[in-house]
1. How much net charge surrounds residue 35 when only other residues with a Cβ under 12 Å from its Cβ are counted (Lys, Arg +1; Asp, Glu -1)?
2. Under 5 Å between amide hydrogens, which residues at least 5 positions from residue 27 or on another chain qualify, with H placed 1.01 Å from N in the peptide plane?
3. Say each of residue 89 and residue 107 gets a label point 7 Å from the Cα, pointing the same way as Cα to Cβ; how far apart are those two points in nm?
4. Give me the net charge for the shell around residue 78: Cβ to Cβ below 9 angstrom, other residues only, Lys and Arg +1, Asp and Glu -1.
5. Using amide H atoms built in the peptide plane, which far-off residues or other-chain residues are under 5 Å from residue 16 H to H?
6. When the chain is fully extended, how far beyond the present Cα-Cα distance does residue 54 get from residue 77, taking 0.36 nm per residue of separation?
7. Between residue 36 and residue 99, how many nm apart are label points set 7 Å from Cα along the C-beta direction?
Amino acid sequence: MEDSPAWRMQVKGGLYSVYTSKPIGFTALEDVAEAAAVILMEGPERHSGKDYWFSADVLDPEQVAETLTAATGHKFTATVRDHERFLREMALPPGSTFEPAYAKGGIELSAFTRLKARDPWERIETLSHRLTNQGPGHH
């Protein structure tokens with residue numbers, strides 16, 4: 001789980017706290033390092049154009065809490081923080097390493113993916129219409 005940046009995941013006092021309710025994959029960095037070494041040694045003849053998936057499982061926050069409980073013997077619970085809390089706690093405070101416009105854009109993208117559209121093209125049209133109607137100079 002080393003690949004999870006602090007803004008996405010926090011485990012403290014039995015509480016697994018994240019900013020998404022979506023299932024996410026976890027990757028052990030030593031697995032990536034080992035694969036990179038093999039790929040570099042074997043070269044492009046064998047690996048060029050190939051994709052490698054390192055997360056065998058994707059878990060939602062409740063499943064992560066259950067896994068942590070089973071692995072440690074200590075009770076874990078999960079909570080999902082909302083986007084306003086993310087901005088307030090992680091993206092906007094002085095000294096934050098997040099670029100505020102980028103962080104806000106991520107929240108917009110997240111909202112976009114939650115639209116109840118039938119297909120991706122409808123989502124794109126919906127978001128495009130929303131952005132067009134809310135752009136500078138719109139009344």
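A short reminder: the numbers here are calculations on the coordinates, not readings from a lab. Please read these numbers as outputs of a predicted model, since none were measured by experiment. Cβ: placed from backbone, ideal geometry, glycine included. Neighbour counts: every protein chain shown.
1. Details: positive: 50; negative: 30, 31, 34, 42, 51.
Local charge sum for residue 35: -4.
2. Counting only residues 5 or more places away or on other chains, the set is 2, 3.
3. 1.4 nm
4. On the way: positive: none; negative: 60, 62, 66.
Counting the neighbours of residue 78, the net charge comes to -3.
5. Counting only residues 5 or more places away or on other chains, the set is 77, 78, 79.
6. On the way: separation 23, 0.36 × 23 = 8.28 nm, distance 2.56 nm.
Additional length available on full extension: 5.7 nm.
7. Result for the modelled spin labels: 2.3 nm.
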